[in-house]
Amino acid sequence: MCFCAGELSTNQPSVKEANSSPGYGTWVAPGVNAQVHQHNFAVRLDPEIDGSPCTVHETDVVPLPVEDPANPYGNAFTVASTPLTSELQAARDADFGRCRSWVVKSAGATNPVTGEPTAYRLVPHARGPAGPPLLTSPGSMVTKRGGFATKALWVTKHDESERFPAGECTVQSDGSAGDALPDWVKEDAPLVDEDVVLWHAFGVTHVPRVEDFPVMPVEHTGFAFRPDGFFAGNPAIDLPPARSGGSRECCGAEPA
């Protein structure tokens, strides 16, 4: 989870804005404008589920068509799973309306309960409100420097030299160095049963409030990466059950 706190970025109004509502922010005090802005983050996840190569699957919760014989009452929905087979295909958007998430499945181990590959699931927006990707226009300098934030998920074939999704020198970059995440996926390397790396972009789109000034409270954002068919049960249940000395067996036998 990421916690965003501190002080807002503020400015005095322009002459045109002095007697009206600011076009790109919020009045947080007399004569003080706080700009609408975004905080964009990216995490690098290098999983080895059961120590084997993996394949990433995108899962959406989707309703069955009403005309489907299996849905006579119109209340059925199911999970649709799509393997992400190449780097360009694996540049994905989040979809809150479909409860979209991504499952990293092992190529060599099977869960004893489900019979499916052992897996971990990446769940976006699990630690805060759903936010949009980068809102700046494609040709802007911000997007050229922060192109990683235009998608919620990228998947690449492991390459130890690929470290920083915004490139090696972000602040000095004009986007032409070819060393950032959108450049790495142009080779469209295959991703089925490979050593894969997931890059998850997320963040906060902050419309300031008066209550955020002069020092703001905390905004939350984040995600979850959790086992999904990796264990054979709840791994947190690891203590023997307590037993009362006054308990008796139902058939009259004394407790052992």
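The values are calculated or read from the model by the stated rules, or taken from the named source; none is laboratory data. Just so you know, these numbers come straight off a predicted model, no measurement behind them. Backbone-built Cβ (ideal geometry, glycine too); neighbour counts: all protein chains shown. The protein model used for the area step is the full one, side chains on, heavy atoms only, and it has no ligands, DNA or RNA in it. Shrake-Rupley method; radii C 1.70, N 1.55, O 1.52, S 1.80 Å.
For this structure, a couple of remarks:
- Complete set of residues in region 167-182 that are among the charged types (D, E, K, R) and either under 17 Å from residue 137 (Cα atoms) or touching a residue at least 40 places away in the same chain (Cβ under 8 Å) (or both): 174
- Among the residues of region 217-231, those identified as in a loop (DSSP other than H, G, I, E, B) and either open to solvent by 80 Å² or more (accessible area, probe 1.4 Å) or at pLDDT 95 or above (or both) are 228, 229, 230, 231.
- Residue under evaluation residue 193, criteria (1) more than 21 Å from the chain's Cα centre (by Cα); (2) modelled with pLDDT under 95; (3) of a type in the set (D, E, K, R), criterion not met: (2)
- Single match in 116, 87 (criterion: closer than 20 Å to residue 165 by Cβ and at pLDDT 95 or above): 87
- In region 122-166, the residues that are without any contact (Cβ under 8 Å) to a residue 40 or more places away in the chain, of a type in the set (A, V, I, L, M, F, W, C) and within 13 Å of residue 40 (Cα to Cα): 130, 142
- Extreme residue, nearest to residue 154 (Cα to Cα), among residues of region 85-99 that are assigned to a loop (DSSP other than H, G, I, E, B) and within 12 Å of the chain's Cα centre (by Cα): 93
- Test: residue in region 27-47 that is more than 30 Å from residue 3 (Cα to Cα), free of Cβ contacts under 8 Å to residues at least 40 places away in the same chain, out of contact with any Cys (no Cβ under 8 Å at 6 or more places or on another chain) and open to solvent by less than 50 Å² (accessible area, probe 1.4 Å): no
- Of all residues making up region 69-84, the number that are open to solvent by 60 Å² or more (accessible area, probe 1.4 Å), in a loop (DSSP other than H, G, I, E, B) and either charged (D, E, K, R) or within 30 Å of residue 112 (Cβ to Cβ) (or both): 1
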